[in-house]
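The values are calculated or read from the model by the stated rules, or taken from the named source; none is laboratory data. Keep in mind the model is a prediction, meaning the values are calculated, not measured. FYI the Cβ positions are ideal-geometry reconstructions off the backbone, even for glycines, and counts take in every protein chain you see. We work out accessible area using only protein heavy atoms, side chains counted, and drop any ligands, DNA or RNA first. Shrake-Rupley method; radii C 1.70, N 1.55, O 1.52, S 1.80 Å.
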Amino acid sequence: MKRRVIAFALVALCVLPFSSCTCSSSTPESPPAKPTRAAGFSGIKPTMRSLPQAAEQPEGVITPGAVETKAPPTLPPASPGGEARIPDNFPSDVPVYAGAKVMGTQVMGNKATNVIFGVDAERPEVFKFYKDSMVGSGWKTTQQYEGNDQSFLTFEKDGTTTNVIITNDPKTGKKVIAVMYYKEEPLPFAEF
């Protein structure tokens with residue numbers, strides 16, 4: 001009998017710590033339910049701001065300073081005669097179509113230059129002229145497209161890229177040749 005009492009006491013001592021842990025446990029309260037919003041644009045609520053009170057507004061008058069008027073900028077003529085001319089850095093081995101007149105030049109990004117010529121010729125003739133004569137001068141054709149309204153050719157030689165576009169001038173309807181050229185320069189950072 002003494003052994004049963006000791007065994008019972010031992011079991012009771014082992015269970016006692018576990019029973020005391022569960023006796024005083026309580027379940028935490030659940031968080032409050034979030035209000036439901038309507039779907040779509042009706043679920044968006046505008047933010048309301050209160051306007052400053054009259055006492056908060058600064059007093060006084062702000063007046064703008066005097067505005068200085070300037071004349072619009074004007075471009076200097078391309079040459080002493082006022083007519084556009086071929087730039088000095090135009091590649092010597094890029095031909096100019098016979099009878100083409102320089103309409104203007106543009107300096108573009110990456111030190112590229114665009115020379116625009118007006119010509120009285122048909123687009124297929126101009127396309128064939130540049131395709132044949134550029135290859136004859138040692139240029140490699142890298143791109144070409146011949147369409148009904150616009151054609152273009154791209155050539156490369158010694159690190160220089162030249163694009164030739166033949167199209168119509170939207171104002172006059174005459175043929176326009178745009179010759180853009182630029183020298184490939186190394187990137188200022190390592191390629192990846």
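Place a point 7 Å from Cα of THR172 in the direction of its Cβ. Which residues in region 89-111 have their backbone N less than 19 Å from it? It comes to 96-106, nothing else.
Close amide H pairs (under 5 Å, H built 1.01 Å from N) link ASP93 with no residue at least 5 positions away or on another chain.
A 1.4 Å probe, protein heavy atoms only, puts the accessible area of ILE165 near 60 Å². Along region 90-99 the Karplus relation, 6.51 cos²θ - 1.76 cosθ + 1.60 evaluated at θ = phi - 60°, assigns HN-Hα couplings of 4, x, 5, 9, 9, x, 10, 4, 4, x Hz to successive residues, with x for each Gly and Pro.
Label-to-label distance for GLU185 and MET108 is 1.6 nm, based on points extended 7 Å past Cα in the beta-carbon direction. Per residue, region 126-192 exposes an accessible area of 64 Å² to a 1.4 Å probe, with every protein chain left in place. For region 146-192, applying the loop criterion from DSSP together with a ceiling of 14 other beta carbons within 10 Å to the trypsin sites (Lys or Arg not before Pro) yields LYS171, LYS174.
Exceeding 21 Å between C-alpha atoms, which entries from my cross-link table qualify? They are LYS131/LYS171; LYS128/LYS174; LYS111/LYS171; LYS157/LYS183; LYS111/LYS157. Could you put the intermediate results ahead of the total?
Details: LYS131/LYS171 27 Å; LYS128/LYS174 18 Å; LYS111/LYS171 28 Å; LYS157/LYS183 9 Å; LYS111/LYS157 17 Å.
Correct reply: LYS131/LYS171; LYS111/LYS171.
Converting phi to 3J(HN,Hα) with the Karplus coefficients 6.51, -1.76 and 1.60 and the offset θ = phi - 60°, region 127-144 yields 4, 5, 4, 5, 4, 6, 6, 5, 5, x, 8, x, 7, 9, 6, 10, 8, 7 Hz in sequence order, with x at every glycine or proline. Taking the 1.4 Å solvent-accessible surface of region 78-192 as the whole, the part contributed by carbon and sulfur is 52%.
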